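Read through the structure below, which is laid out as structure tokens, and then see the notes.
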Amino acid sequence: MKSRSRAALAVVAALVLLAAVLRTQILSGFGSFLVQAGPPEKADAALVLAGDNSGNRILTGAELMRQGYVRKVVVSGPGGDYGLHECDLAIPFAVKKGYPESYFEHAEHFAHSTAEEARATMPQLRRDGYHRIVLVTSNYHTRRAAKVFRRAAPDLTFFIVAAPDPYFSAGGWGHNREGQKTFLTEWEKTVATWFGL
């Protein structure tokens, strides 16, 4: 009788472990779906998208310039708190980290979504003669941003480079609350984009 109980307990433990592994693999796959980026490519400019409080996007864009991938880093800057645009804060942050201010170009606007940001920044990119653009955004935002920008400007070529996010990684987002919130919010926005919302 004891051997059957132990065997049953072992089977249950194995099933629980298998379920946990499968859950992790499935959820990791959903996280990986959000990330669609490649290695840097030579381009006319990098466009650093707004919405990053960690500074990783601006620093990734600045590093692309330092390494010779782009000629200029255009920093998207929606209007925000206290009458400042995000680019007014991001560029000095990068300068304090050792990057020359001459690397950067302000792209001030009042967009409230990725689609609005695409529409707001395209005229400036075209005016400045940028045709090949490295789009720099957080890893979790790469797939949706690529879709939105390519739809908004089919005449331009976009390469997508992911800036690291302090809380989200494709396989590790479920280990902290901020990563979980980022995952859920980005999936909600991705589905809304599929429906043109």
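The table below lists the values:
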| read-out | value |
| --- | --- |
| Qualifying residue in segment 77-86 (condition: of a type in the set (D, E, K, R), over 28 Å from Thr193 (Cβ atoms) and either open to solvent by less than 50 Å² (accessible area, probe 1.4 Å) or assigned to a helix (DSSP H, G or I) (or both)) | no |
| Residue match in segment 25-33 (condition: modelled with pLDDT of 60 or more, surrounded by 10 or more Cβ atoms within 10 Å (Cβ to Cβ) and in contact with a Ser or Thr (Cβ under 7 Å, 6 or more places away or on another chain)) | no |
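Yes/no matrix, rows are residues, columns are (1) charged (D, E, K, R); (2) open to solvent by 20 Å² or more (accessible area, probe 1.4 Å); (3) under 17 Å from Asp52 (Cα atoms):
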site: Tyr103; (1), (2), (3): no, yes, no
site: Gly129; (1), (2), (3): no, yes, no
site: Ala153; (1), (2), (3): no, no, no
site: Phe158; (1), (2), (3): no, no, no
site: Val161; (1), (2), (3): no, no, yes
site: Arg177; (1), (2), (3): yes, yes, no
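The values are calculated or read from the model by the stated rules, or taken from the named source; none is laboratory data. A quick note: this is a predicted structure, and the numbers were derived from the prediction, not measured. Neighbour counts are summed over all protein chains in view; Cβ atoms, including those assigned to glycine, are modelled from backbone coordinates with ideal geometry. All accessible areas refer to the heavy atoms of the entire protein, side chains included, with ligands and DNA or RNA removed. Shrake-Rupley method; radii C 1.70, N 1.55, O 1.52, S 1.80 Å.
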